[in-house]
Amino acid sequence: MKAKKIVSLLLVATMATSLLAGCGDSKNDAAADNSASTDTAADTAPAETQDTAEAETQDTAEAETQDTAEAEPVEEQTLKVAAFEGGYGADMWSDVVAAFEASHPGVTVELTIDKKIEDVISPAMKAGDYPDVVHLATGREAALTETLTKEKALLPLTDVLEMTVPGEDVKVKDKIIPGFLDTLATNPYGDGVTYYAPMFYSPCGLFYNAGLFKEKGWDVPTTWDEMWALGDTAAAEGIALFTYPTTGYFDAFTYATLSSAGGSDFYNSCMTYEDGIWESENATKVFDLIAKLGEYTEGTTVANANNDNFTKNQQLILDNKAIFCPNGTWLPGEMADAPRADGFEWGFMAIPAVNAGGAGCSFCWFEQMWIPAAAENQDMAKEFVAYMYSDEAAQIFAQSTAIQPITGVSDSLEGDNKMFYSIYDNGATAVMGGFASTAPVEGVNMLDTLCGTVNSIVSGDKTVAEWQAAVEEASDKLREAME
Amino acid sequence: MKKVRGKSIFITVCVAPAVILFIIFMLIPTFNVFKMSLYKWGGYSNNKEFVGLNNFKILAEDSNFFRSFQNTVLLIVCVTIVTMALSLIFAGILSREKIKGQNFFRIVFYIPNILSVVVISAIFSAIYDPNNGLLNSIIGIFRGKEETPILWLGDQKLVIYSLVIAMVWQAIGYYMVMYMASMASVPESLYESANLEGAGKVYQFFTITLPLIWTNIRTTLTFFVISSINISFLIVKALTNGGPDGATEVFLSYMYKQAYTNSSYGYGMAIGVVVFLFSFGLSAVINFVTKREPLEF
Amino acid sequence: MNTNKLYKIFIYVALFTLAISIVVPVGWVFLASIKENSEFYGNPWTMPKGVYFQNFIDAFEKAQMGEYFINSILVTALALLILLVVALPAAYVLARYRFFGSKVFNIMFMGGLFINVNYIVVPIFLMFVDADKFLRNLGGDGFFLNNLFVVALVYAATALPFTIYLLSGFFVTIPHDYEEAAYMDGCGYFRTMVQIMMPMALPSIITVILFNFLSFWNEYIISMTLLTKGSKTLPVGLMQLMQAQKAAANYGQLYAGLVIVMLPTLILYILVQKKLTQGMSLGGLKG
């Protein structure tokens, strides 16, 4: 019992240090990378990771590349890949698959791609017919990834991290931006074992119309006090301060503010359901903040905060009816066809610091790729996952603005997208990882309790105290189910 | 002797296929629902753990479940009363009055019933839109544009009644046509003699029409309970998904959430068992309460 | 006289209000289906700027609505056929003969009315999974999943209680004289049923067909679960056009799809609506 606690403390400590290095360092690393742009993390890695593994890295890497080059006979194999079709579109997946097939003779990839991929694959999975590789993030409504995690039906990816990126001589783990592999969003059980490979990261923050700020001569607020002041000014002109698409978007918002309020140790305690943590002073700050934000929320938001109508809330930003909306970088693509106010220009910022003088914060959202434990073709599946971190694959993804968590990739972006990924340059902290996975608890859903209730807070149907108590209660029940 | 054998062969051949299909595709799955409600199972792996009645014990303390229970009962009661009343009135009008375009009304009123739920939810999203919705635009004419819009799908006290409207809209034509059919068989002579006695139309409706189609109303009530549970789920799933903050969660939508998104398949099946017993019990109660001596005509 | 006139006015106002509340929204769906994608943001009640028929072409070509349409027709027709072949004789016999177990069967089918498809669909699915595994172990191929015929069979089976209830309600009301006369003439049981009773039941049969056509055509939960790859039915295809978060929505195709789903039901309904009332007045729903 005690040993467990120490392990988790250590874990938290490593997370804390690495979080700072998370999404944010794309720019810093870029400098180091520019000197040899074709060369990848191989150069930068030793500078940052000084552990013992490094020495072995070189040897095994070479050994392995030779291995794969010679010992791989042309053997007919079919790899079943299932991918979620998000805002980035489906084309990049077929391109990447084509490139993978070209570099791996004899391998045929059977690609299934869908906007509701869980509906497509889960019936077959129940039937025992599993894909070899699945690209599907956590936090989706159907929660397929979480379900498989709770059921312990995933393959550990530890050896994938030790593999060499196909066609290159770098290990996978050295190529991934540091910090990405130390979160609950890759190691869901909090035991240091990686089960999800991090894919396409995207900072979440507040979107606004930069054109509106210019037109009105307002300054973009950097603290919550300035935020409330702006809210009052705007209210006089009939513009609301805030709106949100659905309460589902409060996960990123809450994570970021929690971390900003209490630091990353505190944040991780929240995510691992520590006793009483949701009733602590720091958590109360966050609950109060969201409640106050609720008072500044556009009047019709709640009515449209459902799957059918959420674009109407996003439209409020384009129509200058609300100023800020929490979202991820996919928003401009989602609203590409929508009509907008004259002079509209996307603006994007991190969430202001909760404590005066503290750092702003932004949740770094990323998607996940995993291998079901029941996959038939596990070796090739691992090869495929490793391939995702090759420069070749990253370039293809980047053309559709899907950014792999590889150092330097976001530099190839242009225009608005460049601005989105530079959110951490102004000193904002990157926050990563969500709630720890537990055994299923009947009738308890943490995200529903934490985020879904925001609708009731905004409409005044529940008090903050009730909300806080409910979250703590859910947290208590989930803590018991953690192992 | 030969005839008796021929008869039993005939009966077997006629009934057996239906009974076999029924047993395989309805009875056995229902039995499995009952069985799985006693297990803890996530839905994918092979670790099914027998937990006895534990799922029901958790259910008894689950406030979210009680909320969905309340919502379901509220929907059934409201939708039943409103739909019954309106469809009886319209059926009475269309079958007793000389109305121009009677056929047109009969055809049009039935249309909502043939629409897919997806179409219905698209329609009501547009009707309930807070700023540009049909409903708020019409109300805006009377109360002025400057008032804060009514949030049909956002106000937690209102949203369940917004669903009632959608469900009534969907069901009214079906029951109207059904009542019209049975009203058509009420003998004209009864109304004629009532007319001679100078009885008013409303009086006639309550003393002649209603009692004579009472058995029909009883039957439809049972169907009402069954179909309301089903339709409320489909409409909720498409229109509000249980929101805002669980205000429109109903039996089956909660069952789906637990069984498929909360990795608690066994728990979801326990809810399924409750739904089955509930609809069965409610129908029995309705049947008992509405029992009258059937009137012959 | 005056109150009578007021009464008439009131009646017409009530009738027209309800009629408008139905015609306008349904018409709106048709109008929306010819709007361009950018017209779907903002006020939903504006008139389309022009006729954008490309939505329908896209729905058929990009969203494979044509293929789904054929699947839907196949499944619906097959299910109706199976249902009629199975339910008609059963309803007839259960309504008119007393035999060993007839009471149990009657109660069983009545009880079936309370079983909700939404919670038995997964047990059915799991049953097929096991059956397919068994078949594969025998060296065969999976048969039950992803099979339109099996979906039709499940549709028919789940519609049995209601259909038998409706039909036997009608058969009960026919006087026994008809059969006795038929036996006198030397008609066998089968011929009596097929040649004498079925034609009498025609209006009820049409009602049954219409009701079940509507529910089969609009059904998506069973078909979504049992058809896991490739072939889909129309409502399932439509659900996939519904907007998913984090991806740009394709409203034009969605509304074109809604019209494609809606049209056949509208047409069939208008064709048989006269018979519908007739069938209901004869059928079991009369009570």
**Request:** Scan the helices (runs of 4 or more DSSP H) fully inside the stretch B:64-181 and keep the ones with 1 or more residues being basic (Lys, Arg) and out of contact with any helix residue (DSSP H, G or I) (no Cβ under 7 Å at 6 or more places or on another chain).
**Result:** B:134-143
**Prompt:** In this structure, does B:GLY266 turn out to be closer than 30 Å to A:SER122 by Cβ, part of a helix (DSSP H, G or I) and more than 25 Å from the chain's Cα centre (by Cα)?
**Reply:** yes
**Message:** C:GLU39 - would you say it is in contact with a Lys or Arg (Cβ under 9 Å, 6 or more places away or on another chain), assigned to a helix (DSSP H, G or I), among the acidic types (Asp, Glu) and surrounded by fewer than 18 Cβ atoms within 10 Å (Cβ to Cβ)?
**Reply:** no
**Asked** All but one of (1) facing chain B (nearest Cβ under 7 Å); (2) outside any helix (DSSP H, G or I); (3) touching a residue at least 40 places away in the same chain (Cβ under 8 Å) hold for C:LEU145; which doesn't?
**Response** (1)
**Prompt:** Here is a list of conditions, (1) surrounded by fewer than 17 Cβ atoms within 10 Å (Cβ to Cβ); (2) free of Cβ contacts under 8 Å to residues at least 12 places away in the same chain, and B:LEU53 meets all of them except one; can you say which number that is?
**Reply:** (2)
**Item:** Residue among C:THR158, C:THR207 that alone is out of contact with any Phe, Trp or Tyr (no Cβ under 7 Å at 6 or more places or on another chain) and of a type in the set (Ser, Thr, Tyr)
**Value:** C:THR207
**Unmet requirement for C:LEU202, which otherwise passes all of (1) under 22 Å from the mean Cα position of the chain (by Cα); (2) away from chain B (no Cβ under 11 Å); (3) within 24 Å of B:SER182 (Cα to Cα); (4) crowded, with 21+ Cβ neighbours inside 10 Å** = (4)
**Asked** Can you tell me which residues in the stretch A:335-350 are within 14 Å of chain C (Cβ to nearest Cβ) and touching a residue at least 12 places away in the same chain (Cβ under 8 Å)?
**Response** A:MET335, A:ALA338, A:PRO339, A:ARG340, A:ALA341, A:PHE344
**From B:ASN132, B:ASN136, B:ASN103, residue being farther than 13 Å from C:PRO25 by Cα, within 12 Å of chain A (Cβ to nearest Cβ) and either surrounded by fewer than 20 Cβ atoms within 10 Å (Cβ to Cβ) or touching a Gly at 6+ places or on another chain (Cβ under 6 Å) (or both)** = B:ASN132
**Request:** Could you look through the stretch C:127-142, keep only residues that are modelled with pLDDT under 85 and crowded, with 19+ Cβ neighbours inside 10 Å, and pick out the one that is farthest from the other protein chains (Cβ to nearest Cβ)?
**Result:** C:ASP132
**Fill in**
Given the conditions (1) part of a loop (DSSP other than H, G, I, E, B); (2) modelled with pLDDT under 90; (3) of a type in the set (Val, Ile, Thr), every one holds for B:VAL202 apart from (1)
**Asked** Exactly one of (1) closer than 24 Å to C:ILE70 by Cα; (2) without any contact (Cβ under 8 Å) to a residue 24 or more places away in the chain is unmet by C:GLY188. Its number?
**Response** (1)
**Message:** For C:GLU219, only one of the following conditions fails: (1) within 23 Å of C:PHE149 (Cβ to Cβ); (2) touching a Leu at 6+ places or on another chain (Cβ under 8 Å). What is its number?
**Reply:** (2)
**Fill in**
Within the stretch A:225-240, the count of residues that are over 25 Å from A:ALA428 (Cβ atoms), out of contact with any Phe, Trp or Tyr (no Cβ under 9 Å at 6 or more places or on another chain) and outside any loop (DSSP other than H, G, I, E, B) comes to 1
**Asked** Of all residues in the stretch A:175-224 being in a loop (DSSP other than H, G, I, E, B) and in contact with an Asp or Glu (Cβ under 7 Å, 6 or more places away or on another chain), which is surrounded by the fewest Cβ atoms within 10 Å (Cβ to Cβ)?
**Response** A:PRO178
**Request:** Kindly check whether there is at least one residue in the stretch A:116-126 that is at pLDDT below 80 and basic (Lys, Arg).
**Result:** yes
**Item:** Test for B:ILE150: is it modelled with pLDDT of 85 or more, surrounded by 22 or more Cβ atoms within 10 Å (Cβ to Cβ), β-branched (Val, Ile, Thr) and more than 30 Å from C:ILE221 (Cβ to Cβ)
**Value:** no
**Those residues of the stretch B:231-252 which are more than 8 Å from every other protein chain (Cβ to nearest Cβ), assigned to a helix (DSSP H, G or I) and surrounded by 24 or more Cβ atoms within 10 Å (Cβ to Cβ), in sequence order** = B:SER232, B:VAL236, B:PHE251
**Request:** Answer yes if at least one residue in the stretch A:128-137 is within 11 Å of another protein chain (Cβ to nearest Cβ), assigned to a strand (DSSP E or B) and without any contact (Cβ under 8 Å) to a residue 60 or more places away in the chain, and no otherwise.
**Result:** no
**Asked** Do the conditions hold for C:GLN273, that is, is it surrounded by fewer than 20 Cβ atoms within 10 Å (Cβ to Cβ), polar (S, T, N, Q) and modelled with pLDDT under 75?
**Response** no
**Complete:** Residues of the stretch A:145-172 being out of contact with any Phe, Trp or Tyr (no Cβ under 8 Å at 6 or more places or on another chain) and at the interface with chain B (Cβ under 9 Å from one of its Cβ atoms), in sequence order, are A:GLU146, A:LYS150, A:LYS152
**Request:** Run C:ILE174 past the list (1) closer than 30 Å to B:ILE11 by Cβ; (2) assigned to a helix (DSSP H, G or I); (3) more than 10 Å from chain B (Cβ to nearest Cβ) and report the number of the one that doesn't hold.
**Result:** (2)
**Fill in**
Only one of (1) within 14 Å of another protein chain (Cβ to nearest Cβ); (2) within 30 Å of A:VAL385 (Cβ to Cβ); (3) not hydroxyl-bearing (Ser, Thr, Tyr) does not apply to A:ALA235, and that is (2)
**Fill in**
Going through (1) outside any helix (DSSP H, G or I); (2) under 26 Å from A:MET335 (Cβ atoms); (3) among the charged types (D, E, K, R) one by one, A:LYS418 fails only at (1)
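The values are calculated or read from the model by the stated rules, or taken from the named source; none is laboratory data. Bear in mind the structure is a predicted one, so any value in this text is a computation, not a measurement. When we count neighbours, we look across all protein chains shown, and the Cβ atoms used for this are built from the backbone with ideal geometry, even at glycine.
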